[in-house]
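Just so it is clear, none of the values below were taken in a lab; they were calculated from the coordinates. Since the structure is predicted, the reported quantities are computational estimates derived from the model, not experimental observations. FYI the Cβ positions are ideal-geometry reconstructions off the backbone, even for glycines, and counts take in every protein chain you see.
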Amino acid sequence: MKIVVDFDKCKSNALCMAEAPEVFEVRDDNFLYILNENPPAELRPLVEEAARVCPARAITLQD
Ligand code: SF4
């Protein structure tokens, strides 16, 4: 699984971080950082939920 974020769409509102803090982090500079672009399979449900709640539809998963 590979995580791709369209940073042009991202609004840095940290909703993804609330779902999957192991993978997504919005820092004090107000930018989103991907902590792990290739997370293990057990995190997939959390990452899918993060993608679902993203209002900008900025997160996609690739197998
Ligand atoms: S939920 Fe979407 S818009 Fe918000 S920080 Fe995450 S990727 Fe960006």
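The table for this structure:
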quantity	calculated
Residue list for the stretch 27-63, given a label point 7 angstrom along the Cα-to-Cβ vector of Ser12 and an amide N cut-off under 15 Å	27-34
Distant-in-sequence amide H partners of Phe24 (H built 1.01 Å from N, under 5 Å)	Leu35
Listed peptides 35-46, 2-13 by packing density, highest first (mean Cβ within 10 Å)	2-13, 35-46
Surrounding net charge for Met1, when Lys and Arg each add one and Asp and Glu each subtract one, Cβ distance under 10 Å	-1
Degrees, to the nearest 10: 44-53 long Cα axis against longest axis of the chain	40 degrees
Full-extension gain in nm, Glu49 to Glu25, via 0.36 nm per residue minus C-alpha separation	7.1 nm
Per residue convex hull volume, Cα atoms of the chain, in Å³	68 Å³
Cut-off 11 Å between beta-carbons: net charge of the residues surrounding Leu35, Lys and Arg +1, Asp and Glu -1	-2
Karplus (6.51, -1.76, 1.60) ³J(HN,Hα), θ = phi - 60°, over the stretch 7-14, in Hz, Gly and Pro reported as x	5, 5, 8, 4, 9, 6, 8, 6
Estimated [θ] at 222 nm from DSSP helical runs (n ≥ 4, -39500 (n - 2.57)) normalised by residues in the chain, nearest 500	-6000 deg cm²/dmol
